[in-house]
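Enquirer: I am attaching a structure below and will ask some questions about it afterwards.
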Amino acid sequence: MAPPPYRLLRRRSLSPLVITCEHASRRLPAGIPRTGLAELLACHRGWDIGVWEVAREVSRRLAATTIGGRYSRLFVDLNRDPSDPTLMLTEVDGRPVPINRRLTPREAGRRVRLAHAPYHAEIDRQMARRSAARVSPLLISFHSFTPVLNPARRRFDVGVLFADHAPLARRLGAALVRQGFSLRFNRPYSGLEGLIYAAARHGSFHRVPYLELEFNQKLLGTPPRCRIVGARAAGAIAEILAEVRAEAIHIGRTTAGGPGFGPVQRKYSSRCHGPEPAAARPARSAGRPPGPPPGPDPPADRILDSKVFF
């Protein structure tokens, strides 16, 4: 029997923390030719180097259910909408991706059924388990980024990406700084531009707070170094979870009768989700104006390599 197209740690946990890791692997499914792909699969274009080891360490320390992609992003990118033209790239950095050069609609649909749909269904299943248990989760997607790209140098350690939850992002950022990381918000990519598909899709649909963490691959050169980074990240996340419980900060939703994060102000991203279905729009009380939009991304020069960034 073939393994599922995702990796799953602590499937029975009901921890309030759920971790996803879309680019956890550089493997290809059986039967997919690897000719001409060795270099791409080995570099950051084929997977997020080191991040699965980081996610595993955080999962171990915080008993968090963690879902990771089993196959390379070159086969199908789990952090893209199925309608996104970059779902299966035909070339990367001017180099062809042989398995995608003559991709037919039928094969594209098969890959979505094989890997993309089951992965996201498992995230939904884990969210549903927590809903039934009256546990409101915090969803964090883990990724890593190359320190040098075309030819810009990215000198910070961690990026905290957000779309809807700026106060939570800033609190997690502060906790990461206390763990010794330098960081930026919405760098090297921005959640405000619809670039955190998996976290935004499931966080918005289930109305739970969600963020994405991007770790610099310069920190992740060996498994022991990855585990050190994971231990520090776990300390920061645990601090935020404890603060939220202790202070009852209203940054998410509350499930009636159970622990939660409070009501969420949600900004639906058409880039992540397509047109918003009527059923997904939060109801508003008559005559009650909508709440304020999320705060702007802080200026980069106040947060890069800085211990004080608010």
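Enquirer: Does segment 148-212 come out rounded, prolate or oblate by the C-alpha gyration tensor, with a ≥ b ≥ c the root eigenvalues, rounded set by a/c under 1.5 and, if not, prolate when a/b is larger than b/c and oblate if not? Present the calculation step by step, with values, prior to reporting the outcome.
Expert: Values: a/c = 2.95, a/b = 1.34, b/c = 2.21.
Oblate, because a/c is 1.5 or more while a/b does not exceed b/c.
Enquirer: Using only the Cα atoms of segment 98-149, build the gyration tensor, take square roots of its eigenvalues as a ≥ b ≥ c, and label the shape rounded, prolate or oblate: rounded if a/c is under 1.5, else prolate if a/b is larger than b/c, else oblate.
Expert: Here segment 98-149 falls in the oblate category.
Enquirer: May I ask you to list the trypsin sites (Lys or Arg not before Pro) in segment 163-242 that are in a DSSP loop and have at most 10 other Cβ atoms within 10 Å of their Cβ?
Expert: Details: sites: Arg170, Arg171, Arg178, Arg184, Arg201, Arg207, Lys218, Arg225, Arg227, Arg232; in loops: Arg207.
Hits after loop and neighbour filter: nothing returned.
Enquirer: Rounded, prolate or oblate for segment 1-73? Axes are the square roots of the Cα gyration tensor eigenvalues, ordered a ≥ b ≥ c, and the cut-off for rounded is a/c under 1.5. Can you show the working numbers first?
Expert: Working: a/c = 3.80, a/b = 1.81, b/c = 2.10.
Here segment 1-73 falls in the oblate category.
The numbers here are math on the coordinates, done by the rules we state, and not lab data. Model, not experiment: these values are computed from the prediction. Every residue, glycine as well, gets a Cβ built from its backbone with ideal geometry; the counts of neighbours run over all protein chains shown.
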